[in-house]
């Protein structure tokens, strides 16, 4: 059996509660970390959601505690991290999955919408990191921080510009923190999901190659949770400053639209227009 190095680990998952119409990255991450042997502090804005994921972890044989707070507020972010560390007796893993997008044409986005998007998708990541880093450094035993970014922070973020800008900021932040914290044995990484969507935990899998966006298949919520589990584990002991894309191959697609029926043109090295001349 492969040892993930998480048995007895103390893990904080910020945004662990499950919202049925959302993808459930926090829920999946809390369940995976607990299944690997970690005790999980399940942080959520909503007390009911926090209690529900704790119950789900415990029903599966794991250990968890609920912590309630709004991490878009810097003081609350510090409080929930401090409470989590106190409840766990320390911290080895911290995962931040909080985020949400507002869809609107970029020039029609209001100041309030822009500020809300940046606060929820970037500011709070800074607040959470700033709160947990001193605990990890003082312990002197290293650790792993993983944040959910998005492929929208790598490519275009059409009709949700603030979300993409914030997620690009997250990708930059993990690089900076990885350099600063490497000497302390602390690894900082991100996972960039593709079009997971919401409410698809119970949907049947799409067959390979059947989705128009994903050459492989659309990523599932458990795929994101597994990526977080990997980056949090001993298997990723020398991986830091990286963003692991989990998108079923969507961002690898060629923009040229080559298809099988154009192979003859491609073999000849000429486009259809050039052949007609």
- Message: Please list, ordered by residue number, the helices (runs of 4 or more DSSP H) wholly in the range 160-277 having 3 or more residues that are in contact with a strand residue (DSSP E or B) (Cβ under 7 Å, 6 or more places away or on another chain) and either at pLDDT 95 or above or within 27 Å of residue 120 (Cα to Cα) (or both).
- Response: 161-181, 221-232
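Condition first: under 28 Å from residue 118 (Cβ atoms), without any contact (Cβ under 8 Å) to a residue 60 or more places away in the chain and surrounded by 15 or more Cβ atoms within 10 Å (Cβ to Cβ). Can you find one or more residues in the range 198-216 that meet it?
no
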- Query: Could you list, in sequence order, the residues of the range 88-115 that are buried (at least 16 other Cβ atoms within 10 Å of the Cβ) and assigned to a helix (DSSP H, G or I)?
  - Reply: 88, 114
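Does residue 125 qualify as being touching a strand residue (DSSP E or B) at 6+ places or on another chain (Cβ under 6 Å), modelled with pLDDT of 95 or more, closer than 21 Å to residue 33 by Cα and part of a strand (DSSP E or B)? Before the answer, list the steps.
Numbers: touching a strand residue (DSSP E or B) at 6+ places or on another chain (Cβ under 6 Å): yes; modelled with pLDDT of 95 or more: yes; closer than 21 Å to residue 33 by Cα: yes; part of a strand (DSSP E or B): no.
Against the criterion (touching a strand residue (DSSP E or B) at 6+ places or on another chain (Cβ under 6 Å), modelled with pLDDT of 95 or more, closer than 21 Å to residue 33 by Cα and part of a strand (DSSP E or B)), residue 125 does not qualify.
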- Task: Would you mind telling me which numbered condition in (1) part of a loop (DSSP other than H, G, I, E, B); (2) more than 22 Å from residue 142 (Cα to Cα); (3) in contact with a helix residue (DSSP H, G or I) (Cβ under 9 Å, 6 or more places away or on another chain) residue 20 fails?
- Result: (3)
- Query: Can you name the condition, by its number, that residue 32 falls short on among (1) more than 14 Å from the chain's Cα centre (by Cα); (2) touching a residue at least 12 places away in the same chain (Cβ under 8 Å); (3) more than 20 Å from residue 132 (Cα to Cα)?
  - Reply: (1)
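The values are calculated or read from the model by the stated rules, or taken from the named source; none is laboratory data. What you are looking at is a predicted structure, and each value in this text was computed from that prediction instead of being measured. Please note: Cβ atoms are built from the backbone with ideal geometry, for glycine as well, and neighbour counts cover all protein chains shown.
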